[in-house]
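The values are calculated or read from the model by the stated rules, or taken from the named source; none is laboratory data. Quantities reported herein were computed from a predicted structural model and do not represent experimental measurements. All Cβ positions, glycine included, derive from the backbone under ideal geometry; neighbour counts span all protein chains shown. With ligands, DNA and RNA removed, areas are computed over all heavy atoms of the protein, side chains included. Shrake-Rupley method; radii C 1.70, N 1.55, O 1.52, S 1.80 Å.
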Amino acid sequence: MQWDGEGLIIGVRRHGESSVIADVMVAGRGRHLGLIRGGRSTRLAATLQPGNTVQVTWRARLEQHLGTFQIELLEARAAALIADRLRLYASQLVCEHLHLLPERDPHDRLLALALRIMDEQGTPLQLGAAVARYELVLLEELGFGLDLASCAATGVTTNLTHVSPRTGRAVCREAAEPYISRLLRLPAFLVGSGEATPEDVVDAFRLTGHFLDMHVWMPRQVEPPAIRDTFVALVSERRN
C-alpha cells in the first residue's frame, strides 16, 4: 500500500540506532505514524523538526502496519519558532494537543488552525486568544464541545457571560447572578464578541482547561501539557 500527502510534523522519537518514528498530522488522513530509516542522520535532522510542513510518502504491506515514511521538506518553521520563545511555546502546546487525537482519524480543521497559530504574527495577546479558541475546537473535535449558542436557563442568545462547569452550557448574566461563584466565566471573544483582554485570556484557558481535564486528561490519566501554564502566564501579562 502507498499514499502521498502533505502534513505537519508534531513529534519524532528515536527507534533503534539510526531510525526514528515520525508523528505527522496529514491532511485528509489525520495523525499518522511512520518509520524513517536513517532519520537520525545530520541530513534529515533539520527536516524532522516539529512545526515543519513536509510532503510524505507512506508505504506498508498492509494498511494496519506502521509503515515507512519518505519525507521532503515543504516549509521550514522550526528555526523561526525556536528564535521566538512565545511562538515556540504555542507550537509545542498545539502539538501536544494534537497527540490527543486518535491515529488515522482526519481532523483537517484542527490541522488548519494549528498551522495558522504557528504562522501567527500578531501580538502575544492575540496569539494566546488563538490558542484558547483552538482548545475550544479541540474539545468539539474530541466529542466534548461546549454549548455556547444560548442560555441554558432562559434560551436567550445574547449577554452570555458564564458556563456551567457540569454541563458545559452557556448562561446569561441574569440567570448566572445567583450562582456566580459556582460558574466559569465565558470571555466574550470566545463567542465572537470584542477583543480579548489579559483577564479574558486567563479565563478562557481556565474554561477550556476545566473541560479538558474533565473529559480528556483525567479519564486518560495523563498530565496537562507542562508548557501550558507558562504560556498562559506569558501571553496574559498586562504589557501586551
(request) Among the GluC sites (Glu not before Pro) in segment 167-216, which ones are in a DSSP loop with at most 15 other Cβ atoms within 10 Å of the Cβ? Mind listing them? (result) 195
(request) Sort 191, 54 from largest to smallest accessible area, using a 1.4 Å probe on the heavy atoms of the protein chains. (result) 191, 54
(message) Please compute the per residue accessible area over the chain with all protein chains in place, 1.4 Å probe, rounded to a whole number of Å².
(response) 51 Å²
(request) Just report the Cα centroid separation between segment 128-154 and segment 100-117, whole Å. (result) 16 Å
(request) Mind grabbing the accessible area of residue 120 for me, 1.4 Å probe, Å², rounded to tens? (result) 50 Å²
(request) Using only the Cα atoms of segment 56-103, build the gyration tensor, take square roots of its eigenvalues as a ≥ b ≥ c, and label the shape rounded, prolate or oblate: rounded if a/c is under 1.5, else prolate if a/b is larger than b/c, else oblate. (result) oblate
(request) Could you pull the accessible area for residue 42 with a 1.4 Å probe, rounded to 10 Å²? (result) 130 Å²
(message) From zero outward in steps of 10 Å, how is the percent of C-alpha pairs of the chain spread across the bins?
(response) 7, 29, 31, 20, 9, 3, 0
(message) Leaving out ligands, DNA and RNA, and with a 1.4 Å probe, what % of the accessible surface on the chain is carbon or sulfur?
(response) 49 percent
(request) Read phi for every residue in segment 118-131 and hand back ³J(HN,Hα) as whole Hz from Karplus 6.51 cos²θ - 1.76 cosθ + 1.60, θ = phi - 60°, with x for Gly and Pro. (result) 5, 9, 4, 10, x, 6, x, 5, 5, 5, x, 5, 5, 5
(request) Counting helices only, and only those DSSP H runs with n ≥ 4, report the 222 nm mean residue ellipticity of the chain as the sum of -39,500 (n - 2.57) divided by its residues, in deg cm²/dmol to the nearest 500. (result) -10000 deg cm²/dmol
(message) Report D for segment 84-188 in µm² per second (integer): Stokes-Einstein, Kirkwood Rh on Cα pairs, 10 °C, 1.306 mPa s.
(response) 104 µm²/s
(request) Just need log10 I(q)/I(0) for segment 164-240 at q = 0.18, 0.21, 0.27 Å⁻¹, Debye formula, equal scatterers on the alpha-carbon atoms, no solvent, rounded to two decimals. (result) -0.86, -1.06, -1.27
(request) State the cysteines of the chain left without a partner when partners are defined as other cysteines whose beta carbon lies under 4.7 Å away. (result) 95
(message) Using protein chains only and a probe of 1.4 angstrom, how many square angstrom of residue 108 are accessible, to the nearest 10?
(response) 70 Å²
(request) Rounding to the nearest 20 debye, state how big the charge dipole of the chain is about its Cα centre with +1 on each Lys and Arg Cβ and -1 on each Asp and Glu Cβ. (result) 500 debye
(request) Could you let me know the centre-to-centre spacing of segment 166-192 and segment 24-99, using Cα atoms, in angstrom? (result) 39 Å
